[in-house]
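Report on one structure; see the data block that follows.
The values are calculated or read from the model by the stated rules, or taken from the named source; none is laboratory data. What you are looking at is a predicted structure, and each value in this text was computed from that prediction instead of being measured. Note: ideal-geometry Cβ built from the backbone for every residue, glycine included; neighbour counts use all protein chains shown.
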Amino acid sequence: MIKHKYTLKCEGKYMELKIGVIKGDGIGPEIVGEAVKVLDKIGKVYHHTYSYCQLLLGGASIDVYGVPLTEDTIEKAKSCDAVLMGSIGGDAKTSPWYKLEPSKRPEAGLLGIRKSLNLFANLRPAVLYEELKDACPLKEEITKDGFDLMIMRELTGGLYFGERKTEEKDGVITAYDSLTYNENEIRRIAKRAFDIARKRGKKVTSVDKANVLDSSRLWRKVVEEVATEYPEVSLEHMLVDNCAMQIVKNPKQFDVILTENMFGDILSDEASMVTGSIGMLASASLNETKFGLYEPSGGSAPDIAGKGIANPIAAILSAAMMLRFSFDLDQEADAIEKAVKQVLKEGYRTKDIISEGKTLVNTAEMGDLICERIE
Ligand code: IPM
Ligand code: MG
């Protein structure tokens, strides 16, 4: 699917990249704008060129087409080398999007694009930034050595995509959702987790509920089989309720957490919260190829949308992840991450991460500061 047209020149490779851009809803357009600014700066410094393809998804698509995802968006996304996304969704109490039936709401668009593009591997890093330690809600004794974990969430199976129904039987309304995995779905995500762990702390914690669920028992069996192919990576199993506890008790014990869709949804919110800086966390959703969809871990934050105060760093770091995972541009990704750390070190903060003695900046100023530090 990927057609990278790059020419080798001198010391580096110059690439011509087609990037899909989903600004989405809420703060999405503002933060994606800053990420694009940073990509453009990288292009200037490292001589890459981009063509951006604007795509509509979620509420933004409902407003134009009446549905949260169109065939056109799927086809256009497939023609891109990677997609950068802002956020999807609005305020469920006030937004007209939530008067529509569930399958027509913004979130259905997000689930639809994940499935259509086969983005089964969702990587959600949760890192404690030294500069933002004050914002971390955990005790100093727990965080003193920092932590850096990666949640590998299965994204196209399980409860999210199983058969579901609401029906009335003998006058009683009953609803069900089903959690299904086959061994192939488990194997491919497990391999991804071990591949990543091999390049990081060499440890996989596979999280399940094998004391209750059949799907978890199969999960455990297949993960153990995959582990034999990676002798240098250690494997442990953990029950999901215990994992939720361990993330607040001792997050440093984790390297890669491998888990199914629903558990991963819940645990990744918890993990991002304990870093104290959800506006800083990026994520990647990948398929079998190098193609990926990159988005901030935080939501669309409709309460602060349009005010120019949102933290663009998660979107900017998502762009860095895109350069690293889809294009193997490690040097460029490093440059972005280094610039982000530098700006934080110099004391610049958006409203969500401000603390005493630091300099408050808005969304665009933060983007500019990061661009200026990329050389
Ligand atoms: C996420 C979100 C989505 C999910 C919602 C918006 C459908 O919570 O990306 O974690 O549950 O996957
Ligand atoms: Mg979630």
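Inside the stretch 343-375, can you point out the residues that are part of a strand (DSSP E or B) and under 17 Å from TYR129 (Cβ atoms)? Residues satisfying the conditions are TYR348, ARG349, THR359. Selection of the stretch 258-269 for residues being within 15 Å of ligand 2 (Cβ to nearest atom) and more than 14 Å from the chain's Cα centre (by Cα) yields THR259, GLU260, MET262, PHE263.
Taking each residue of the stretch 165-193 that is within 30 Å of LEU286 (Cα to Cα) and looking for partners that are loosely packed, with under 10 Cβ neighbours inside 10 Å and basic (Lys, Arg) with beta-carbon atoms closer than 9 Å, six or more apart or interchain, yields TYR176/LYS165; ASP177/LYS165.
Of all the numbered requirements in (1) closer than 19 Å to PHE325 by Cβ; (2) buried (at least 17 other Cβ atoms within 10 Å of the Cβ), THR289 misses one, and that requirement is (2). Note on the stretch 278-313: residues that are of a type in the set (Asp, Glu) and either away from ligand 1 (no atom under 11 Å from the Cβ) or more than 16 Å from the chain's Cα centre (by Cα) (or both) total 2. When residues in the stretch 37-61 are screened for being under 23 Å from the mean Cα position of the chain (by Cα) and either farther than 30 Å from GLU365 by Cα or among the polar types (S, T, N, Q) (or both), 3 of them pass. When ALA333 is tested against (1) in contact with a Pro (Cβ under 7 Å, 6 or more places away or on another chain); (2) without any contact (Cβ under 8 Å) to a residue 40 or more places away in the chain, only condition (1) is not met. May I ask you to list the residues in the stretch 78-95 that are crowded, with 22+ Cβ neighbours inside 10 Å and either of a type in the set (Phe, Trp, Tyr) or more than 16 Å from ligand 2 (Cβ to nearest atom) (or both)? Result: CYS80, ASP81, ALA82, VAL83, LEU84.
The residue of the stretch 114-145 that is farthest from the chain's Cα centre (by Cα), among those that are away from ligand 2 (no atom under 15 Å from the Cβ) and over 30 Å from GLU346 (Cα atoms), is SER116. Filtered by the rule that a residue be charged (D, E, K, R), assigned to a helix (DSSP H, G or I) and free of Cβ contacts under 8 Å to residues at least 40 places away in the same chain, the stretch 90-132 gives LYS99, GLU130. In the stretch 292-331, what residues are crowded, with 18+ Cβ neighbours inside 10 Å and acidic (Asp, Glu)? Within the stretch 292-331, GLU295 is the sole residue that qualifies. Taking every residue in the stretch 258-280 that is under 10 Å from ILE151 (Cα atoms) and pairing it with any residue that is away from ligand 1 (no atom under 15 Å from the Cβ) and in a helix (DSSP H, G or I), at least 6 positions away or on another chain, the pairs with Cβ-Cβ distances below 6 Å are LEU258/ALA193; ALA271/ILE247.
The residues of the stretch 146-200 that are on the phi > 0 side of the Ramachandran plot, touching a helix residue (DSSP H, G or I) at 6+ places or on another chain (Cβ under 8 Å) and away from ligand 2 (no atom under 16 Å from the Cβ) amount to a single one, GLY146.
Say whether the condition of being surrounded by fewer than 16 Cβ atoms within 10 Å (Cβ to Cβ) and polar (S, T, N, Q) is met by at least one residue in the stretch 96-108. So far as the stretch 96-108 goes, yes, one or more of its residues are surrounded by fewer than 16 Cβ atoms within 10 Å (Cβ to Cβ) and polar (S, T, N, Q). When VAL223 is tested against (1) within 16 Å of ligand 1 (Cβ to nearest atom); (2) over 25 Å from GLU141 (Cβ atoms); (3) crowded, with 19+ Cβ neighbours inside 10 Å, just one condition goes unmet, and that condition is (1). If we scan the stretch 173-182, do we find a residue that is surrounded by 15 or more Cβ atoms within 10 Å (Cβ to Cβ), of a type outside the set (Phe, Trp, Tyr) and at pLDDT 95 or above? The answer is yes, given that some residue of the stretch 173-182 is surrounded by 15 or more Cβ atoms within 10 Å (Cβ to Cβ), of a type outside the set (Phe, Trp, Tyr) and at pLDDT 95 or above. Among the residues of the stretch 139-163, those that are within 14 Å of ligand 1 (Cβ to nearest atom) and part of a strand (DSSP E or B) comprise ILE151, MET152, ARG153, GLU154. Among what's in the stretch 234-268 and is assigned to a strand (DSSP E or B) and within 16 Å of ligand 1 (Cβ to nearest atom), pick the residue that is farthest from LYS221 (Cα to Cα). Result: ILE257. Of all residues in the stretch 298-310, one or more are assigned to a helix (DSSP H, G or I), over 22 Å from CYS136 (Cβ atoms) and of a type in the set (D, E, K, R). Applying the condition of being within 16 Å of ligand 2 (Cβ to nearest atom) and of a type in the set (A, V, I, L, M) to the stretch 273-286 and asking which residue is surrounded by the most Cβ atoms within 10 Å (Cβ to Cβ) yields ALA282.
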